[in-house]
Amino acid sequence: MFLYGYLRGELDSWESTPNMADLQDYTAQVLLIISTILVGSIIIRRRRKQNQIKLPPSPPSLPIIGHLHLLSPLPHQDFHKLSTTYGPIIHLYLGSATCVVASTAEAAREFLKIHETSFSDRPTQTVAVESLSYGFKGFVFAPYGPYWKFMKKVCMSELLGGKMLHQLLHVRQQERKRFLSGLAEKGLAGEAVDVGAELMMLTNNVISMMTMRQKSCSEGGGEAETLRKVVEDTVELSGKFNVSDFLWFMKGVDVQGFKKRLKEIRVRFDALLDRVIEEHQRERRKKKEQGSTTGDDDDVKDILDVLLDISEDETAEIKLDTDNIKAFVMDILVGGTDTTAVTMEWAMAELINNPGVMEKAREEIDAVVGNKNRIVEECDIPNLPYIQAIVKETLRLHPPGALIVRECSRTATVDGYHIPARTRLFINAWSIGRDPNHWENPLDFRPERFIDQNGSALTHLDVRGQHFELIPFGSGRRMCPGISLALPLAYVTLASMLQCFEWKLVNGGDDGIVDMEEKAGLVVPRAHPISLNNNITYPILQNHTLFLSNHILLFFPLSMSFFFSKRRIVMVTVNLGMLHYVLDHVYGAFMHRTKMSTPFFSRGWGGTKLEMLERMIKQLFPEVAGQNWPPTVIQPLWKTVWETRTASLREGVFRTPCEDQLLNALPPESHNARVAFLMPKNVPPHAMSCVVHLAGTGDHTFERRLRLGGPLVKENIATMVLESPFYGQRRPMLQRGAKLLCVSDLLLLGRATIEEARSLLHWLDSEAGFGKMGVCGLSMGGVHAAMVGSLHPTPVATLPFLSPHSAVVAFCEGILKHGTAWEALREDLATEKVAMTLEEVRERMRNVLSLTDVTRFPIPQNPNAVIFVAATDDGYIPKHSVLELQKAWPGSEVRWVTGGHVSSFLLHNGEFRRAIVDSLNRLPWKGSS
Ligand code: HEM
C-alpha cells in the first residue's frame, strides 16, 4: 500500500510536467531534459532518505490489504502474538492505514510520555467518527488543539470534576438503590441474574442521569428505551471493522451498510437530544424569570446545564454550538457506560472463580461497615483497599479499552524508529497488563499485588496513568477524564453486591468455573454472559424477608399494623439508609410479583365510565374549580362509640354528596359514606382544629388513622377519618382486597373522595364551627389531600404524607407497576379492536392518570400551611415526584423522614403528628384579624 501511494505521488509529478511545456520560451527538448533531471533527482533523494529511515519491524504484508489478514475480531490478542515475534514496537499496514503497535510498558512510555505531544491526536478517518461526532465536533476525537484544550479544562474543572461528582452523588446513590432492589427482587423470586445486563443498566442510568437527567434504561420504556438503544447501537457499530475505513478504494462505498445505520442512529439521537435540550432551556428560562439561585436539590446542574451555560457565555474562550454539545453528550454516554459496566462484570467473573478472594473482600466490608445496619457507601472506599485492589487487578487483566488509539500529528523518531506523520498508534494495554517482565504469574488473579504488608493500597502502583505497566485509563493529557467517576462507582457497586448477596453460578461447567472468553467490541466484553443466582445474605435484609414472608398475609389490612409496628420497631434500627428502599422492593415483590393476590385493574379500563370520569376530573382544574363551591351539604347521622372525660369517638354515616352521574357510576356499596370522628371534649369548637384523614391504598378501616390522630386530642385537634369509597364496608362485592377492578375505579374513588372530603370540611366549618381545619392522607390519600387542600376556597392545613404528585408515578414508575394487570388492560383494548403493544398500553395509562397530576390543580390559598412529609428511601414514591409538587406550590415545605414507604409510616408517626400541629399553627383562627 505504501509503495502504491508512493508511485501515485510519482505519477502526479509526471502529470504536472506538460504544463511547463506551455512556457513559450523553451524548446520541447530542453523541457524534457530538465524534467527528467528533476524527477530523477527527486527519486534519488527519496530513495536515499528511505535508506536512512528505520521503520519498526513488521511481518510480511500482502498487496492492498497489508496486514489485515493477520487480524481477527480480537486485534489486541493478535497484536500481542505478533509482538512476541517482532518485538515491543511493530509496524503494520492495515489496508491503506499505516499503523504502529506498542506492547510493553517501556514502549508505551516512549510514545505517551517522551513523545507525548506528537502522539496526542486521535485518528478521525472513520465513518463512525465522522457521523457520530457531528462532523468532527466532539471531544474524544478532537485534534490536540485549542478546542480540545478548552474542553479538557472544562471537563476537569466542571463536567467531571470533584464538585460535580459530589453534587451528583445522590444520582449514583439512587440508581444503586434501584439496582440492589432489582437484584433482591430477582433473588427472592428465584430468578437468575444476568450480571452484565444489570450492570449495564446501572451504568447507563447513572451516566445519562448525571449528563442530562434522563434515564437510559428502565422498564418504563419510551424515551429511556430509545436512549439505551442509541448507546448500545453506537458502541456496537463503533467497535466493528468497517472495510471502507481501511481500504482507500472502498471509501464512500457502504458495503456493510454501516453508513446507513450510523445515519439512523444519529437521527434517533438527534431527535431525543433536541427534546432534552429544549426541556433544559425551558427550565432555565423559567428559573431565570423566577430569579432562582436557591441552591436547592433542584438547582443542582447536570452536565448538559453546564454545557448550555458555556454556550451562552459571551466571554467564553471558545464558543460551543449545539453540535459541539450533542457530540460531547454522545462522547460521555459512549465512553462512560460500557467501560465501567464491563469492568464490574469481569470482576464478578474473577471473583466467582476465586472464592478465596471473594471471601476476603466480604470480610473487609464487614470489618469496615461494622454492625451491618447499613449498606456500604462511596465514603467507605478509602477504608476498602482490598476492594480497590480487586478492581485494579481486574483492569490489569481485562482493560475495557484494550487498545489505546492515538495518531501521530508529525513525523517522529521513537526508540530509534521512524514514525511518519498520521501513523495510527495502538498501545496494547491488554498486553502490557500481562507482561511477565512486570507481573509475576501474570495470568493469576491476585489482588494482593496492590496491597502492602500492612494491608494498605500500594502507593507506587496505580491505574492513574503514572505507572506504565498498568494503564487501563491511558496516560498523559489524553488519558481518560472519567476515571474519578468510574473507579468509585465500580468500587462501591462491587462492594455492595458482595455485601448484600451470596452469588452462585447458574450454568457453570462441571467445575463451576466461569469461562473467560472475550468478545469483539469497542470495549472488550465477556463472550458469554454470566448468569448468577443470588441469595440475600445481608442479615437485616434476611430478617425482614423472613418477617415479611411470615406475615405477608396479615400485613394488610393496615388496621393490623399496630400489632406489627411494635414488632418492627424492635427489629429495625432507625438508621437503615437505603435498606428501607430495598425493603420496599422486597415487600413489593411479595405483594405484587407473586401470585398471592390479584393485580390492580384485572377487569380492564372501565369502558365508558372512564371517559365520563376524565371529563369530571377536568372540572377540578383551575379554570372551572371556582364553580364547585359550596359543595353539597351533608347531614351525618351519628352514633357514639365511646366517651371519656376528655374525648369522644363517634361514627357517622351520610349519603355521598356526589352528583347523580357520579353516584350512578359508583358501586352501590359506596353510596353511603362512613366516618369516625375523634373529638376533644370540654373545649368550644371554635378554639379547636379538626383534620380530615383520607385513606391510602388498601386502608380499609379507621384504626390506623385514629391512632395517628389520637395523641393530638391533647393539642385540641380533632380527627375525622373518612372511609374510602372502595375500601372497608364500602368495598364493591367483586373487588378483592385493595385491588381495584378497573382503571375507572381509581378515578371514581378519587373523585368521590374529593367530593366527600370537601363536604366534610364545609360541615366542620359551617355546622360544627371549628376554628381551623386541615386535610391529610398517606400515599394515595396524600394525593387526594393535596387536591382537596388545593381546591378549598379558604386556607386549610394540607398534609400529603409519603405521596407522589400524581398517580402516574405510583402505577407507572414505582413498585405498583408490578402489581398492575397490563396484559388484561391490553386484552380489554383488543376487545374494542384497538391493538396495542404493552408499551403503548402503559403510555395510555400514563395519559389517563396524568389527570391526577396535582400540579395541574390550583395553588392552595395558603401554601405555607402545606407540609409534605416524604421518606428518604421510598421505593414507591421517588423523591423527584415530591419535589415537583413542592416546586409547583412555592412556599410549601417538604420534611424528610428516614425510611422507606413501608417502614416510615410505622416508625415516624411522631413526625407526621408534628407536621399536622405545625401546619395548623400557620393558620389564623377563624374570625381573628
Ligand atoms: C472503567 C472505566 C473506564 C475505562 C477503563 C476507560 C478507559 C479509557 C481510555 C483507555 C481512554 C483513552 C485514554 C488515552 O488515550 O490515553 C479513555 C478516554 C476517554 N474516556 Fe474513559 N474509561 C472509563 C470510563 C469513563 C467514564 C465513566 C467516562 C465519562 C463519564 C469516560 C470518558 C472518556 C473520555 C471523554 C475520553 C476521551 C479523552 C480525550 O480524548 O481527551 N471514560 N477512557
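The values are calculated or read from the model by the stated rules, or taken from the named source; none is laboratory data. Nothing here was measured: the structure is a model prediction, and the numbers come from that model. Counting neighbours? That spans all protein chains shown, and the Cβs are built from the backbone with ideal geometry, glycine included.
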Yes/no for GLY416 being within 12 Å of the ligand (Cβ to nearest atom) and either basic (Lys, Arg) or closer than 30 Å to PRO123 by Cβ (or both) | no
Exactly one condition in (1) within 11 Å of the ligand (Cβ to nearest atom); (2) part of a loop (DSSP other than H, G, I, E, B); (3) surrounded by fewer than 18 Cβ atoms within 10 Å (Cβ to Cβ) is not met by ARG477; state its number.
-> (2)
Residue satisfying condition, being on the phi > 0 side of the Ramachandran plot and not small (Gly, Ala, Ser), within set ILE89, ILE64, ILE53 = ILE64
Taking the stretch 483-492, which residues are crowded, with 20+ Cβ neighbours inside 10 Å and closer than 30 Å to PHE426 by Cβ?
-> LEU485, ALA486, LEU487, LEU489, ALA490, TYR491
Residue list for the stretch 128-156, filter: farther than 30 Å from GLY252 by Cβ and more than 9 Å from the ligand (Cβ to nearest atom) | PRO146, LYS149, PHE150, LYS153, VAL154, MET156
Could you tell me which of the residues PHE269, PHE246, PHE328 is in contact with a strand residue (DSSP E or B) (Cβ under 9 Å, 6 or more places away or on another chain), of a type outside the set (Asp, Glu) and either modelled with pLDDT of 90 or more or under 30 Å from LEU94 (Cβ atoms) (or both)?
-> PHE246
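Tell me which residues, restricted to the stretch 316-361, are polar (S, T, N, Q), more than 11 Å from the ligand (Cβ to nearest atom) and within 30 Å of VAL140 (Cα to Cα).
To start, the set of residues in the stretch 316-361 that are polar (S, T, N, Q) comprises 322, 324, 337, 339-340, 343, 353-354.
Checking the rest, the ones that are also more than 11 Å from the ligand (Cβ to nearest atom) come to 322, 324, 353-354.
Scanning the stretch 316-361 gives THR322, ASN324.
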With respect to ARG615, is the statement that it is among the charged types (D, E, K, R) and surrounded by fewer than 14 Cβ atoms within 10 Å (Cβ to Cβ) true?
-> yes
Could you check, for the stretch 648-656, whether at least one of its residues is among the hydrophobic types (A, V, I, L, M, F, W, C), surrounded by 15 or more Cβ atoms within 10 Å (Cβ to Cβ), modelled with pLDDT of 90 or more and farther than 16 Å from TRP763 by Cα?
-> yes
Looking at (1) in contact (Cβ under 8 Å) with a residue 40 or more places away in the chain; (2) assigned to a strand (DSSP E or B); (3) away from the ligand (no atom under 13 Å from the Cβ); (4) not aromatic (Phe, Trp, Tyr), which is the only condition LEU425 fails?
-> (3)
Odd one out for SER431 among (1) in a helix (DSSP H, G or I); (2) under 32 Å from the mean Cα position of the chain (by Cα) | (2)
Those residues that are under 21 Å from ALA97 (Cα atoms) and either near the ligand (Cβ under 10 Å from one of its atoms) or touching a Cys at 6+ places or on another chain (Cβ under 8 Å) (or both), I need them from the stretch 391-413; list them, please.
-> GLY401, ALA402, LEU403, ILE404, VAL405, ARG406
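Report yes if PRO442 is surrounded by fewer than 18 Cβ atoms within 10 Å (Cβ to Cβ) and either within 11 Å of the ligand (Cβ to nearest atom) or assigned to a loop (DSSP other than H, G, I, E, B) (or both), otherwise no. Please lay out each step first, then the result.
Details: surrounded by fewer than 18 Cβ atoms within 10 Å (Cβ to Cβ): yes; either within 11 Å of the ligand (Cβ to nearest atom) or assigned to a loop (DSSP other than H, G, I, E, B) (or both): yes.
Against the criterion (surrounded by fewer than 18 Cβ atoms within 10 Å (Cβ to Cβ) and either within 11 Å of the ligand (Cβ to nearest atom) or assigned to a loop (DSSP other than H, G, I, E, B) (or both)), PRO442 qualifies.
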Selected residue (criterion: surrounded by the most Cβ atoms within 10 Å (Cβ to Cβ)) from residues of the stretch 671-709 that are in a helix (DSSP H, G or I) and modelled with pLDDT of 90 or more = ARG705
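Here's the yes/no breakdown for (1) away from the ligand (no atom under 16 Å from the Cβ); (2) crowded, with 20+ Cβ neighbours inside 10 Å; (3) under 30 Å from LYS54 (Cα atoms):
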site	(1), (2), (3)
ARG446	yes, no, no
ASP452	yes, no, no
GLY455	yes, no, no
THR459	yes, no, no
GLU469	no, no, yes
PHE501	yes, yes, no
LYS519	yes, no, no
Filter pass, TYR134 being in contact with an Asp or Glu (Cβ under 9 Å, 6 or more places away or on another chain), modelled with pLDDT under 95 and either farther than 30 Å from VAL154 by Cα or of a type outside the set (Asp, Glu) (or both) = yes
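Only helices (runs of 4 or more DSSP H) wholly contained in the stretch 834-923 count here; list those with 3 or more residues that are of a type in the set (D, E, K, R) and more than 30 Å from GLY606 (Cβ to Cβ). Quick ask: steps written out before the conclusion?
On the way: elements: 838-849, 879-888, 901-907, 909-921.
In the stretch 834-923, 909-921 are the helices (runs of 4 or more DSSP H) which contain 3 or more residues that are of a type in the set (D, E, K, R) and more than 30 Å from GLY606 (Cβ to Cβ).
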Tally, over the stretch 96-130, of residues that are in contact with a Gly (Cβ under 6 Å, 6 or more places away or on another chain) and either under 22 Å from SER61 (Cα atoms) or surrounded by fewer than 22 Cβ atoms within 10 Å (Cβ to Cβ) (or both) | 1
Show the residue pairs that are 6+ apart or on different chains and have beta-carbon atoms under 6 Å apart, the first residue being within the stretch 320-341 and of a type in the set (D, E, K, R), the second being within 11 Å of the ligand (Cβ to nearest atom).
-> ASP331/GLY138; ASP331/PHE139; ASP331/VAL140; ASP338/VAL523
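Conditions tested, residue by residue: (1) touching a residue at least 60 places away in the same chain (Cβ under 8 Å); (2) in contact with a Ser or Thr (Cβ under 7 Å, 6 or more places away or on another chain); (3) on the phi < 0 side of the Ramachandran plot.
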{"site": "ASP745", "(1), (2), (3)": "yes, no, yes"}
{"site": "LEU749", "(1), (2), (3)": "no, yes, yes"}
{"site": "ALA752", "(1), (2), (3)": "yes, yes, yes"}
{"site": "PHE770", "(1), (2), (3)": "yes, yes, yes"}
{"site": "SER779", "(1), (2), (3)": "yes, yes, no"}
{"site": "GLY782", "(1), (2), (3)": "yes, yes, yes"}
